[in-house]
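The values are calculated or read from the model by the stated rules, or taken from the named source; none is laboratory data. None of the values given here were measured: they were computed from a predicted structure. For neighbour counting, all protein chains shown are included, and Cβ atoms are generated from backbone atoms with ideal geometry for every residue, glycine included. To get the accessible areas, we keep the full protein, side chains included, count just its heavy atoms, and leave off ligands, DNA and RNA. Shrake-Rupley method; radii C 1.70, N 1.55, O 1.52, S 1.80 Å.
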Amino acid sequence: MQKLKINFHGESWTLKKFECNDDDLKECMKVAARMKLPLEKALLDPFFYYYLKIPAIASTEHLPGKKWSGLLDSPKNQIEIWYNAKKIKKLQIADIDHDLLLFPIYNKNKIKINKEYSPGIYVEQQAIGFVGSYELNIESFNLEDLQFNLLQFNDKLLLQPPTYSNQKLQFRKKETLLIYQNSFQIE
């Protein structure tokens, strides 16, 4: 068995819709009121989670609810494919998302979502750095068995974790720096 590893570098974008049970929501509202902040602003404050003391909601990273995220299609993105500890390919999202080619070079699955925001609280984050490393042990590598998953979320094109022979690659690590975050409430 050899190791297939795919690394994502560049900018990641995440949108989370905060959804939790009524008891946790009441506790969140109490903590936000003590901090004299509206809940959507309190969710961005690291001390909110310290005061909250709910293990399931330990940070913005662990907010319960729906989540859309991935490697953002920007000039800074880079995808590395490693097999048997050797880098065999280095590419960008633009190399994967060629709709005008007669024969596509890479297998891709593209999903389009035109999202109308439903009422609720949303947290948007953008980070930069080593966005993710995904691994899978395989017998032999064939580029045709590698499937890239793209998500067109309104105006943003996101690369999500890949699959190999219909198997999900396991997320191993990431090292990113948060460069932007915002929260808003839709009534």
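Some values worked out for this structure:
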| read-out | value |
| --- | --- |
| The chain, accessible surface, carbon-and-sulfur percent (1.4 angstrom probe) | 51 percent |
| Other-chain or far-sequence residues with amide H under 5 Å of residue 153's (modelled H) | 113, 158 |
| Selection of GluC sites (Glu not before Pro), the stretch 95-171, meeting DSSP coil and at most 10 other Cβ within 10 Å | 116, 139 |
| CD proxy at 222 nm, helix term only [per DSSP H run n ≥ 4: -39500 (n - 2.57); per residue of the chain; nearest 500] | -3500 deg cm²/dmol |
| Extension reserve of the residue 53-residue 89 stretch, reckoned as 0.36 nm per residue once the Cα distance is removed | 8.5 nm |
| Backbone HN-Hα couplings from phi across the stretch 137-149 [Karplus 6.51/-1.76/1.60, Hz, Gly and Pro as x] | 8, 9, 6, 8, 9, 10, 4, 5, 8, 8, 10, 8, 10 |
| Contact order relative to length of the stretch 26-139, as percent, for alpha carbon pairs under 8 angstrom and 6 or more apart | 14 percent |
| The chain, accessible area per residue, ligands and nucleic acids excluded (1.4 Å, Å²) | 59 Å² |
| Virtual paramagnetic centre 7 Å along Cα→Cβ of residue 174, amide N under 20 Å, in the stretch 1-24 | 5-19 |
| Cβ-defined net charge surrounding residue 115, 11 Å radius [Lys, Arg +1; Asp, Glu -1] | +2 |
| Exceeding the 26 Å Cα-Cα cut-off - candidates 3/67; 41/168; 41/115 | 3/67; 41/168 |
| The chain: angle of helix 22-34 to the longest principal axis, Cα-based, in degrees nearest 10 | 70 degrees |
| Entry for Rg and Dmax of the Cα atoms in Å (calculated from the structure that is shown) out of (1) 20.9, 77; (2) 15.5, 45; (3) 19.0, 60 | (3) |
| Summed residue charge, Cβ within 15 Å of residue 42's Cβ, Lys/Arg positive, Asp/Glu negative | +3 |
| Whole-Hz couplings from phi, Karplus 6.51/-1.76/1.60, listed for the stretch 72-89; x for Gly and Pro | 7, 6, 9, x, 8, 6, 8, 10, 10, 10, 10, 9, 6, 6, 10, 6, 9, 7 |
| GluC sites (Glu not before Pro) within the stretch 1-93, DSSP loop, no more than 15 other Cβ atoms inside 10 Å | 19 |
| Residue of 123, 31, 131 that the Gaussian network model of the chain assigns the largest fluctuation, springs spanning Cα pairs under 10 Å | 31 |
| Selection of trypsin sites (Lys or Arg not before Pro), the stretch 31-68, meeting DSSP coil and at most 16 other Cβ within 10 Å | 36, 53 |
| Near-label residues of the stretch 104-132 by backbone N, under 19 Å of a point 7 Å along Cα→Cβ of residue 62 | 123 |
